[in-house]
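See below for the structure under consideration.
The values are calculated or read from the model by the stated rules, or taken from the named source; none is laboratory data. Computed from a predicted structure; not experimentally measured. Positions of Cβ are backbone-derived with ideal geometry, glycine not excepted, and every protein chain shown enters the neighbour counts. Just so you know, the surface numbers come from the protein's heavy atoms only, side chains and all, with ligands and any DNA or RNA stripped out. Shrake-Rupley method; radii C 1.70, N 1.55, O 1.52, S 1.80 Å.
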Amino acid sequence: MTISIQVSRDSINNLDLSPALKVIESILQKESIISQEQQLRFDIDYPRQDDDPREISEIPEIRLWFVRLDAQYPWLPFLLDWKSGELGRYTAMLVPHEFHKKEGIQYNPESLEIFLMHKIFILSNWLKQNQIPARFRLKSLAQMLGYELEDGFFEMIDS
């Protein structure tokens, strides 16, 4: 069951995380957070002028709202609906990138690598704390962002 967070222009302009906090905190109150894995989407209502060519992730106010949200819940990728593209959109909010008509989104490679490793370390700890098997999930996250992580890497961070 997909869960949607409604994010309005006012919330974004005021850096008001309350729409997300309400939904995420209610998820955390559930008996098993694992049942909420990859169920979360954002419905962003941020009206723009018709001649505004920017993608939603290119609007500084929206990106700042997501930076604040990520600071509050750095493990949030666990909940995002990867299949619908939420992981890619979330990543675009936090990682410098460009859009190309033919190739689509092109992340800054160094920034993406730092972002990915940061999320791997955060999620590795968070998953362990919640007694959720981590390795497959973390490898899948890396693959979604175009990286392959070897088992040796996980053995190193687990020791």
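Structure notes:
- Complete set of residues in region 114-149 that are over 18 Å from the mean Cα position of the chain (by Cα) and either open to solvent by less than 20 Å² (accessible area, probe 1.4 Å) or under 26 Å from P96 (Cα atoms) (or both): I132, E148, L149
- Region 45-80, residues that are under 14 Å from the mean Cα position of the chain (by Cα) and more than 26 Å from N125 (Cα to Cα): S57, I62
- Sub-7 Å Cβ pairs linking a first residue in region 135-159 that is closer than 15 Å to F121 by Cβ and of a type in the set (G, A, S) to a second residue that is assigned to a helix (DSSP H, G or I) and open to solvent by less than 60 Å² (accessible area, probe 1.4 Å), at least 6 apart or interchain, are A142/L116; A142/I120, ordered by first then second residue.
- Once region 56-105 is narrowed to residues that are among the acidic types (D, E), surrounded by 16 or more Cβ atoms within 10 Å (Cβ to Cβ) and touching a strand residue (DSSP E or B) at 6+ places or on another chain (Cβ under 7 Å), the residue that is nearest to L28 (Cα to Cα) is D81.
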